[in-house]
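This report concerns only the one structure given below.
The values are calculated or read from the model by the stated rules, or taken from the named source; none is laboratory data. Here the structure is a predicted model, which means the values were calculated and not measured. Cβ coordinates were reconstructed from backbone atoms using ideal geometry, including for glycine residues, and neighbour counts include every protein chain displayed. These area figures cover heavy atoms from the full protein model, side chains too; ligands, DNA and RNA do not enter into them. Shrake-Rupley method; radii C 1.70, N 1.55, O 1.52, S 1.80 Å.
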Amino acid sequence: MIVLNGVGSVGKSSTARALQAIAARPLLHVAMDAFIQMMPMKLVGHADGLVFETGEADGGPSVEIRTGPVLERALAGMRHAVAALADQGNDLIVDEVMLGDEHLEYRALLARHDLRFVGLFAPLDVLEARERRRGDRELGLSRWQYGRVHNGVDYDLTLDTTHASPAENAARICEAFGLEVTS
């Protein structure tokens, strides 16, 4: 079980896909975004679901994320779904943005499994440039998440995605954790 944690636009999904491509064993990619997208669209911008509050912090745009009870249940369900998939013998890459104590729940739920946490990092200016290029994110999400995502998380591996490609980082993960790669 590999949990990739980092700010939006740091390269978690790209790294997960690259890891799937080179790993000899099948790794299922569980993406937090897929669970968020399960929520009815009418709950985006609603206090029961997901609210983005725009503002400014440290001289730039900042978008605070607030989650309501519907989304909180969905994300708790995601962590339990990850455990259920693991309990059935699946190997997983979890693509996550942890803004609280989610890592503690993962550790409890996956205590019987070989669980590895990988922190993906990049400087804020790089993340903001990626956020602008993507065009599918609220500008300022990375600024708000930047000082929060890694708080209290003990990583087995940290990777700087500034200059390394997703394929290079996937290879580093395989090397660090002894995962066989396809030939």
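Element breakdown for the chain at a 1.4 angstrom probe: carbon and sulfur atoms account for 50% of the accessible area. Asp156 versus Ala76, label points 7 Å from Cα toward the beta carbon: distance in nm? About 2.7 nm, to one decimal. Compute the long axis of helix 69-87 from its Cα atoms, compare it with the longest principal axis of the Cα atoms of the chain, and write down the angle in degrees, 0 to 90, nearest 10. Long axis of 69-87 versus the principal axis of the chain: about 0 degrees. Residues in segment 60-68 carry Karplus couplings, in order, of x, x, 9, 10, 7, 9, 10, 10, x Hz; the curve used is 6.51 cos²θ - 1.76 cosθ + 1.60 with θ = phi - 60°, and Gly or Pro positions show x.
I'd like the orientation of helix 124-134 relative to the chain: the angle between its Cα long axis and the longest Cα principal axis, in ° from 0 to 90, rounded to 10. Here the helix axis deviates by roughly 90 degrees.
Semi-axes of the equivalent ellipsoid for segment 82-176, please: Cα gyration tensor eigenvalues, times 5, square-rooted, ordered largest first, whole Å.
26, 17, 13
Based only on the alpha carbon positions, what is the Kirkwood hydrodynamic radius of segment 1-68, in angstrom? Let's see the in-between values first.
Numbers: mean 1/r = 0.0691 Å⁻¹.
In segment 1-68 this quantity evaluates to 14.5 Å.
Tell me, what is the per residue accessible area of segment 66-145 in Å², probe radius 1.4 Å?
On the way: 3800 Å² over 80 residues.
Result: 47 Å² per residue.
State the percent of C-alpha pairs, over all pairs in the chain, separated by a distance greater than 27 angstrom.
Working: 4384 of 16653 pairs.
Above the 27 Å cut-off, the chain has 26 percent of its Cα pairs.
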